[in-house]
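Each remark here refers to the structure printed beneath this line.
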């Protein structure tokens, strides 16, 4: 039987009475999950008014109803809209209206978020999964079989997901993902990681984010593995969950790995079945620390949220590299303005990139790609596919052996003294600084032209423990720190600001710059090479620096 759609994968679990889903003390078989999905598909068919789009908004934590409604949508030919539980007020209402949700599924703890919103969804089509009336709604459909109730055609091209991107500017865009694309991605990950019926996928990242659905839930479904849900991510609850559920695989994004490394070490840190973690932005240094401590391999992968390009991990990839292009992709690193391919970087004897400032550029896919557009946003879709290429919006470096190294987002590109730099490349170097538990790099405008480098460092012993002499000596000892890479400004927050998906909130850091409430140190522009010495950035420094911006007519670039 060919499994070309997510609906095929769900129907294949009918009659499978092995453990399929675990949540807290609740255990469901694969068959019970498929039956629950079939009942929800039938309920949807009855609730959906004539002519309405079959769009289901899910405003839920990672509770069993989330994967069951995903499966229900697949069976019914409907579309799930993952609603970000950290969005508020008009922003949340905008997301619901923009995606034209006809049905909202939520829980009592999230009802206050909907109070008073103009979201164009009638009250009788807002279902609360932990309210007594919800079970009453589902009861008449308890004996429905998969495929009995549909609201539209079910095939590879059927729209399955609308997933909001987490862009740093403007309203988030809703990327379209069809059943065929999601099923194909699931099969690919099953092959790549050898997912099988004895595996348990631990889903601790929010399911409104594509990472949890595409890289965790879908391959578990395709590989006939069980899933274990964590309502919201918890660093302290991670290992107890992994042990209790017998988890073998998990996904991560952003700072999740750093949070896990920050938990107290214990003698039994390796007492578990967890074999693989798959995600992005852990960084080579922290990935190695995680493996050394927990005995679990972390695999850094890359796939644009919209599906237009993917890089597959290669076992022979040098430290810090992600891998090579996936089969069928013609990937290149190009100048974002001219489209000309950038030169490739060389690796030194220690595997460190040389000449990265010349090699950095935007990753594009010049071949066929599965990007399916954005919902009701043709302009944004055209910008992604200009000149017949798919433009990822991400910065990369390609080395002479063809391996790709992540260098940041295009918003994270810095131009210092006419050299292009990537925030991620500098962060990878700062991650080696032993007193720091996390680092984030972003641009601040230079008073005259281009940018300066600013770094936020969270120190293990708090902001007051910063030693400027020790930090400057650390920078001087890094052989791959280019002459323009040293941070001009060092911000010392007590904790790193993060988004709902545990990614660094870079737009927040950029917006505040050096005019923030945290301690700031700097390497003055007239005190020798940047990074050779640091001193506290005070009010007098701020006033003098602002005068320089005003004199050059660049103060407005600082914002605020």
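What follows is calculated from the coordinates using simple rules that are stated; it is not laboratory data. Fair warning: this is a prediction, and the values are worked out from it, not measured in the lab. Cβ placement follows ideal geometry from the backbone for every residue including glycine, while neighbour counts extend to all protein chains displayed.
For this structure, a couple of remarks:
- Note that segment 227-313 shows a convex hull volume over its alpha carbon atoms of 103 Å³ per residue.
- A simple spin-label model places the labels of residue 507 and residue 476 4.1 nm from each other, with each point 7 Å out along Cα-to-Cβ.
- Relative to the longest principal axis of the Cα atoms of the chain, the long axis of helix 65-76 lies at roughly 60 degrees.
- Theoretical FRET efficiency, 1/(1+(r/R0)^6), r = Cβ-Cβ of residue 244 and residue 288, R0 25 Å, to 0.05: 0.40
- Ranking of 173, 503, 547 by count of other Cβ atoms within 10 Å, fewest first: 547, 503, 173
- The chain - percent relative contact order, Cα under 8 Å, separation 6 or more: 9
- Bridge type composition, the chain - antiparallel percent by DSSP, nearest 5: 60
- Sorted from longest to shortest, the spans of the Cα atoms of segment 1-123 along the three principal axes equal 44, 37, 23 Å.
- Nitroxide proxy distance, nm - points 7 Å out along Cα→Cβ at residue 171 and residue 16: 3.9
- Read-out Rg/Rh (Cα atoms, Kirkwood Rh), derived from the coordinates shown; its label in (i) 1.17; (ii) 0.98; (iii) 1.13: (ii)
- Averaging 1/r over every pair of different alpha carbons in segment 321-432 and inverting the result gives a Kirkwood radius of 14.7 Å.
- The slack between residue 133 and residue 46, meaning 0.36 nm per residue of separation minus the straight C-alpha distance, is 29.7 nm.
- Sequence of 30, 201, 272 once ranked by neighbouring C-beta atoms within 10 Å, starting from the fewest: 272, 30, 201
- Segment 390-426-segment 38-80 distance, computed between alpha-carbon centres (Å): 40
- Per the Debye formula on identical point scatterers at the alpha carbon atoms of segment 422-558, with no solvent, log10 I(q)/I(0) at q = 0.12, 0.22 Å⁻¹ is -0.44, -1.57.
- Folded to 0 to 90 degrees: helix 539-551 orientation relative to the chain principal axis, Cα: 90
- Euclidean distance of C-alpha centroids, segment 303-353 and segment 111-186, integer Å: 35
- Cβ-to-Cβ counts within 10 Å put 433, 302 in ascending order as 433, 302, the fewest first.
- Length-normalised contact order of segment 1-107 in % [C-alpha pairs under 8 Å, at least 6 apart]: 28
- Look at the alpha carbon pairs under 8 Å that are at least 6 residues apart: their mean separation over the length of segment 6-232 gives a relative contact order of 25 percent.
- Three-way shape call for segment 111-200 based on the alpha-carbon gyration tensor, with the a/c threshold at 1.5: oblate
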